[in-house]
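J.: I am attaching a structure below and will ask some questions about it afterwards.
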Amino acid sequence: MVQPTDYRQMVLDTITHALTSDPNPEVRAKAAESLGKLGDQSTTPLLLASLADPNLAVQCSAIQALGNLSSG
């Protein structure tokens, strides 16, 4: 029997990896933005950690994403 693929989890894992590991700050900022749009509350700790990113755009995207999560 073939197990169904959880595409949502695959997407979350990919975006999470981009936010935490990509050397390009534009990619990290878009990843934070995407997590906010997906609305998964389990990403809150990751977004909070992104507030310490050395890039201001990433920090701003994380703040906006957290706002989206709290209003959703």
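The values are calculated or read from the model by the stated rules, or taken from the named source; none is laboratory data. The model shown is predicted, which means the values in this text are computed figures rather than measured ones. Because the Cβ atoms are built from the backbone with ideal geometry, glycine has one as well, and the counts that use them run over all protein chains shown.
J.: Only one of (1) buried (at least 19 other Cβ atoms within 10 Å of the Cβ); (2) out of contact with any Ser or Thr (no Cβ under 7 Å at 6 or more places or on another chain); (3) part of a helix (DSSP H, G or I) is not met by Asp53, so which one is it?
T.: Condition not satisfied by Asp53: (3).
J.: Would you check if Ala29 is in contact with a Cys (Cβ under 9 Å, 6 or more places away or on another chain) and either in a helix (DSSP H, G or I) or charged (D, E, K, R) (or both)?
T.: Yes, satisfied.
J.: Name the residues in the stretch 3-21 that are charged (D, E, K, R) and at pLDDT below 95, would you?
T.: Asp6, Arg8 - these are the residues of the stretch 3-21 that are charged (D, E, K, R) and at pLDDT below 95.
J.: Moving on to the next point. Kindly provide the set of residues from the stretch 19-50 that are polar (S, T, N, Q), over 19 Å from Gln9 (Cα atoms) and surrounded by 12 or more Cβ atoms within 10 Å (Cβ to Cβ), ordered by number.
T.: Answer for the stretch 19-50, where residues must be polar (S, T, N, Q), over 19 Å from Gln9 (Cα atoms) and surrounded by 12 or more Cβ atoms within 10 Å (Cβ to Cβ): just Ser50.
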